[in-house]
Each structure stands twice: as C-alpha cells, then as structure tokens.
Amino acid sequence: MTRLRGAAIGSRCAAFALFALVAAAVHAEDRFVISGDGQEVTDSTTRLVWRRCGEGQRFDGKTCSGKLAKYKYSAARQAAEATAKSTGKAWRMPTREELVSLYDEKLKRKPKLDGRIFPAATNGPFFATRAGSDDDLNAWLVNFRNGRVSGYAGQKTFPLRLVRTP
C-alpha cells in the first residue's frame, strides 16, 4: 500500500510540474500579442510595442531572416530615427529598464528571450539608452545570454531592437 501511495504522490507531483510548465508558457504567450503582419509584438505588461526582429532582419512568416545589423552607438541612434521617419511610427532605442523587461531568467536555454515571440533571437548584448542623456558614449548594453547590464565604452558595434509606445 505504501508503495502505491508513493507512486500516486509521485505521479501527482509530475502532473503538477507539467501543469506549471504549461501555465508558464501560456502566461508568456498571454503577455505578448503579435501584430497581424507578424512584424511587431505588444507587451501587455509594460504596454510597449517591440519589433520582433533585431534591426537588419525582417519577420518572414516563420522566423527573422536577413543579417542582424550591428552599430556603434551614434549610428544606432541614427538608425532608430531613420526607421521612425520611414515607417511613420515613433520607433526609438529602448531604455535599459525597457530592454531588461524582455529578459526571461526562467528560460533554460540561451538567449533568455522568448523565441516564439522573438524568433531567431541571439545571445549577447543589445543597445539601450540612458534616460536623459544625449552623449554618444552614454549607453547601456543588455546581454540576453546572462542578463548582465553594462556600460558602453564606445569602441565596438552591437545590435539594436526598437521599441515604441502605442
């Protein structure tokens, strides 16, 4: 009897663990709403609209295709302004806090960015702005491999994911 009871408890624990995994996946899907054309995603938690693909890429119906562009900080700011102008939407570089909100430490794989919502996401740092700063060296880098946030020293190039408020 004890052996059967232990097996029943074990299977209930396994069922609960499976339920928790499914609930977490559904919660992540509920958090993000993908646009009809698949190019944008709205975060219902932060109320921000994100481009699904990093700059240089485009969602092709299944994944992000094209080459991910990398910029020095001043060029990244210019790219954001050019995209806003060409699309008629107020696209901009995200702040550190906005970009960090996409990092999902619960994910077992890397990058720790929901691949169903942000397909072909890459490991490594992306640009973020420092609020109230207009200095080309005054930027943040948010790393989706490990969640680290660091300052930008101005020498290397990094990718960019744009955001806007609806």
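Observations on the model:
- Filtered residue count, region 56-70, keeping only those that are on the phi < 0 side of the Ramachandran plot and part of a loop (DSSP other than H, G, I, E, B): 8
- When Arg77, Arg51, Arg47 are screened for being within 12 Å of Leu160 (Cβ to Cβ) and either at pLDDT 95 or above or of a type in the set (S, T, N, Q) (or both), only Arg51 passes.
- Test for Leu68: is it surrounded by 13 or more Cβ atoms within 10 Å (Cβ to Cβ), farther than 14 Å from Val163 by Cβ and without any contact (Cβ under 8 Å) to a residue 24 or more places away in the chain: no
- Search result, residues across region 147-166 that are surrounded by 14 or more Cβ atoms within 10 Å (Cβ to Cβ) and modelled with pLDDT of 90 or more: Val149, Phe158, Pro159, Leu160, Arg161, Leu162, Val163, Arg164
- When residues in region 71-103 are screened for being in contact with a Phe, Trp or Tyr (Cβ under 9 Å, 6 or more places away or on another chain), open to solvent by less than 60 Å² (accessible area, probe 1.4 Å) and not in a helix (DSSP H, G or I), 6 of them pass.
- Any hit, region 27-44, residues being of a type in the set (Val, Ile, Thr) and either part of a loop (DSSP other than H, G, I, E, B) or at pLDDT below 50 (or both): no
- Positions within region 106-135 being of a type in the set (Asp, Glu) and within 12 Å of the chain's Cα centre (by Cα), in sequence order: Asp114
The values are calculated or read from the model by the stated rules, or taken from the named source; none is laboratory data. As the structure is a prediction and not an experimental result, all values here were calculated from the model. Because the Cβ atoms are built from the backbone with ideal geometry, glycine has one as well, and the counts that use them run over all protein chains shown. When the accessible area is computed, the model is the full protein with side chains, heavy atoms only, and any ligands, DNA or RNA have been set aside. Shrake-Rupley method; radii C 1.70, N 1.55, O 1.52, S 1.80 Å.
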